Every structure is written in structure tokens, then in C-alpha cells.
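Trainee: Got a structure here, written out as C-alpha cells. Questions coming.
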Amino acid sequence: MRYVILGASAAGISAARAIRRHDPGGEITMAAADRQVYSRCLLPRLISGEKTPEEISFVESDFFNRLNINFLPGRRAVRVDPEERKLHLQDGQVLTYDRLLVATGASPTLPPVENLAAGKPVFTLRHMEDALAIREAVGAGTRVAVLEEKRFEGEI
């Protein structure tokens, strides 16, 4: 069985572990836009300098070798052809599969707030590249504002 997992976040990694447990001989390929596996929850610590990019990984350094997973970091999918069971990557590589799992997560959007930027840089924080850009743009002691959407259902 040929498995392709698109995305290397917690969902994709958990799926790869589960697949390997249930199919020790299956062919697993994981393609991800990210260049490494990391915990999104630790991105603020990367910005603050408390952690390095290597320190926010949540898999062992030998994870892909040990589980016999072909990891394709830094590869974005551009097209899925479900009838032919093919996944096309941005670099032209085509992956064939018997089972495809799309575990790419969410994408942030900026809220429609008038004058949000007002001449100042505005960032979203979802990927390591976002955290590194924020860290580069601000220095120690820089004042920042954080907007976070909270959804609440129920009584107060």
C-alpha cells in the first residue's frame, strides 16, 4: 500500500505513526511546505529567542529513518488528481498513492480592520517563516499588539 501524507504537523506525524503501526511494510511518503517538523505552540518562544528552530521540533532526529518514511520537506502540492491517484508537487514531482491524507492545517487571515497596518508591519503567526520574520522585524523592548480571535459559545 502506498500512503501519501500532505503536511508534517502534529496531525500528519500522528497519522504516519499510526499507519506504520498498522502497516509495517507500507510505503509512506510525507510532503510538507515546511522544511522541518516543529511545534506551532512553541513559535512564540522562537520569536523571543528562548528556543532555536531545532529545539521546537517534536520528533526525534531519526524519526523518518526509523519509521521508514520518505520525507519531502519544503515541497508544496499544486494539484491532486484523485481519479489517477496522483499528487503533483510544485517542483514537478508526481507522487502516486493508494491512500492520500491531507493534513495541512489552517491558514491565517488578517481581520478586516480599517487602518490595521497604519504604516506598521503586520504579521500572522502560523509557520516558522512567520516567526522568523517577526523576530527579524522587532527588537528587544519593541511594543507589539496581538490580535487573537476567540470564539465562544454558551453562557457567561
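The values are calculated or read from the model by the stated rules, or taken from the named source; none is laboratory data. These figures come from a predicted structure and were not determined experimentally. Positions of Cβ are generated from backbone atoms using ideal geometry, with glycine treated the same way; all protein chains shown enter the neighbour counts.
Trainee: Residue under question is L132, and the condition is that it be of a type in the set (A, V, I, L, M, F, W, C), closer than 30 Å to I19 by Cβ and either within 17 Å of the chain's Cα centre (by Cα) or part of a strand (DSSP E or B) (or both); does it hold?
Mentor: no
Trainee: Still on this structure, I have one more. Out of curiosity, is L147 part of a loop (DSSP other than H, G, I, E, B), within 18 Å of P44 (Cα to Cα), in contact (Cβ under 8 Å) with a residue 24 or more places away in the chain and not β-branched (V, I, T)?
Mentor: Yes; evaluated as a whole, the condition is true for this residue.
Trainee: Quick check: is even one residue across segment 57-67 over 30 Å from A140 (Cα atoms) and either among the hydroxyl-bearing types (S, T, Y) or touching a residue at least 60 places away in the same chain (Cβ under 8 Å) (or both)?
Mentor: Checking segment 57-67: at least one residue is over 30 Å from A140 (Cα atoms) and either among the hydroxyl-bearing types (S, T, Y) or touching a residue at least 60 places away in the same chain (Cβ under 8 Å) (or both).
Trainee: In addition: Given the structure, is R20 buried (at least 17 other Cβ atoms within 10 Å of the Cβ), more than 30 Å from V138 (Cβ to Cβ), at pLDDT 95 or above and among the charged types (D, E, K, R)?
Mentor: Considered against the rule, which asks whether it is buried (at least 17 other Cβ atoms within 10 Å of the Cβ), more than 30 Å from V138 (Cβ to Cβ), at pLDDT 95 or above and among the charged types (D, E, K, R), R20 comes out as yes.
Trainee: So G26 clears everything in (1) over 30 Å from E136 (Cα atoms); (2) touching a Leu at 6+ places or on another chain (Cβ under 7 Å) except one condition, right? Which one?
Mentor: Failing condition for G26: (2).
Trainee: Quick check on my filter: what residues within segment 83-112 are surrounded by 14 or more Cβ atoms within 10 Å (Cβ to Cβ), within 21 Å of R35 (Cβ to Cβ) and either polar (S, T, N, Q) or free of Cβ contacts under 8 Å to residues at least 12 places away in the same chain (or both)?
Mentor: H88, T104
Trainee: Could you give every pair whose Cβ atoms fall below 8 Å, whose first residue belongs to segment 16-44 and is within 13 Å of R99 (Cβ to Cβ) and among the hydroxyl-bearing types (S, T, Y), and whose second residue is assigned to a loop (DSSP other than H, G, I, E, B) and at pLDDT 95 or above, counting only separations of at least 6 or pairs across chains?
Mentor: Listed pairs, sorted by first residue: T29/Y97.
Trainee: Are there strands (runs of 3 or more DSSP E) fully within segment 1-113 with at least 1 residues that are of a type outside the set (K, R) and more than 23 Å from M128 (Cβ to Cβ)? List them. Let's see the steps before the verdict.
Mentor: Working: elements: 2-6, 27-32, 69-73, 77-81, 86-89, 94-96, 99-102.
Result: 2-6, 27-32, 77-81, 86-89, 94-96, 99-102.
Trainee: Right, next: Considering G25, G7, G12, G74, which residue is of a type in the set (G, A, S) and over 19 Å from the mean Cα position of the chain (by Cα)?
Mentor: G25
Trainee: Give the residue that is nearest to the chain's Cα centre (by Cα), with candidates limited to residues of segment 29-47 that are of a type in the set (V, I, T) and closer than 30 Å to T142 by Cα.
Mentor: Out of the qualifying residues, it is V37.
Trainee: If I filter segment 48-68 down to residues being over 17 Å from the mean Cα position of the chain (by Cα) and surrounded by 15 or more Cβ atoms within 10 Å (Cβ to Cβ), which single residue comes out as modelled with the highest pLDDT?
Mentor: Result: L67.
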